[in-house]
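This report refers to the structure that appears directly beneath it.
The values are calculated or read from the model by the stated rules, or taken from the named source; none is laboratory data. Just so it is clear, the model here is predicted, and its values are computed rather than measured. A quick note on method: Cβ atoms are made from the backbone with ideal geometry, for glycine too, and the neighbour counts reach across all protein chains shown. For accessibility, only protein heavy atoms count, side chains too; no ligands or nucleic acids. Shrake-Rupley method; radii C 1.70, N 1.55, O 1.52, S 1.80 Å.
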Amino acid sequence: DRVAIVLPQRWETAVAQMAASALGAVAMPLSMLFGPEALAFRLRDSGTVLAIVDAAALDAVLGVRAECPALRTVVAVGPRGGAELSWDDALHASHAPIEPADTAADDPAVLIYTSGTTGAPKGALIPQRALIGNLSGFVCSQNWFPHLGPPAPGRGERGVGGGGAGRSPVGERPVFWSPADWAWTGGLMDALLPTLYFGAT
């Protein structure tokens, strides 16, 4: 099942991404900047069944809902508006423990649409293995984040990585910050998910 995540950079976005993965669902991040037409196309084309939506984008999603027959449930993060559920109510409802899905490397994980500059937007289905495959590029581009940098010549000690990570004393957890929107691969695969993979903030 495809799960649309129409949220800005906030903790609920990270939780929604990890929850979709744990369920074996396909996360489909959508930009808060999308208007009704862009939302309707992606929700309809993907066959999205669940949308987790920031209150600021709720009217736009609800306004195109009739055009998206597969969309069964809308969860509002913030004021509920016309959504079936609020994030807080869903979070605090009683439910059975969830056993994480046993996904394979080639199983789908994320569906990201192109911007549509050369015709209709096209869905790019990213497999589970893509995060692991992307980690080396992230680590190298972020000055060996989150580890201590490469060994100094002639010394066994290691320096602290930089890049998007703040410098911190040995033993402290690094913090990664990026302005990149988590609805795009640059923000999702090159910032949020690798940072969480390494257990950093």
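How would you order 19-25, 39-45, 103-109 from highest to lowest mean count of nearby Cβ atoms within 10 Å?
In decreasing order of mean packing, 19-25, 39-45, 103-109 become 39-45, 19-25, 103-109.
Nearest 5 is fine: what % of DSSP beta bridges in the chain come out antiparallel, could you say?
35 percent
Equivalent ellipsoid semi-axes for the range 16-69, as square roots of 5 times the alpha carbon gyration tensor eigenvalues: give them largest first, rounded to whole Å.
Values for the range 16-69, descending: 19, 13, 9 Å.
Of the beta bridges DSSP finds with both residues in the range 22-139, what % are antiparallel, to the nearest 5?
Once the DSSP bridges in the range 22-139 are tallied, antiparallel ones form about 40 percent.
For the chain, what is the calculated [θ] at 222 nm in deg cm²/dmol (nearest 500), taking -39500 (n - 2.57) for each run of four or more DSSP H residues and dividing by its residue count?
Counting only the DSSP helices, I get -8500 deg cm²/dmol.
Given R₀ = 41 Å, what would the calculated FRET efficiency be for ALA22 paired with THR118, taking r from the Cβ atoms and rounding to 0.05?
Result of the calculation: an efficiency of 0.70.
Which angle between 0 and 90 degrees, to the nearest 10, do you get for helix 55-64 versus the longest principal axis of the chain when only C-alpha atoms count?
40 degrees
What figure, in Å² to the nearest 10, do you get for the accessible area of MET18 with a 1.4 Å probe and non-protein molecules left out?
100 Å²
Loop by DSSP (not H, G, I, E, B), at most 10 other beta-carbon atoms within 10 Å: where is the longest site-free stretch of the chain for GluC sites (Glu not before Pro)?
Value returned for the longest uninterrupted segment is 1-156.
Assuming R0 = 30 Å, can you tell me the calculated FRET efficiency for the pair ALA90 and LEU135, based on Cβ-Cβ distance, to the nearest 0.05?
E between ALA90 and LEU135, to the nearest 0.05, is 0.45.
Counting only heavy atoms of the protein chains, get the accessible area per residue of the range 1-155 (1.4 Å probe) and round it to a whole Å² value.
I get 53 Å² per residue for the range 1-155.
What is the gain in length, in nm to one decimal, between ARG10 and ASP45 on full extension, counting 0.36 nm per residue of separation less the C-alpha to C-alpha distance?
10.0 nm
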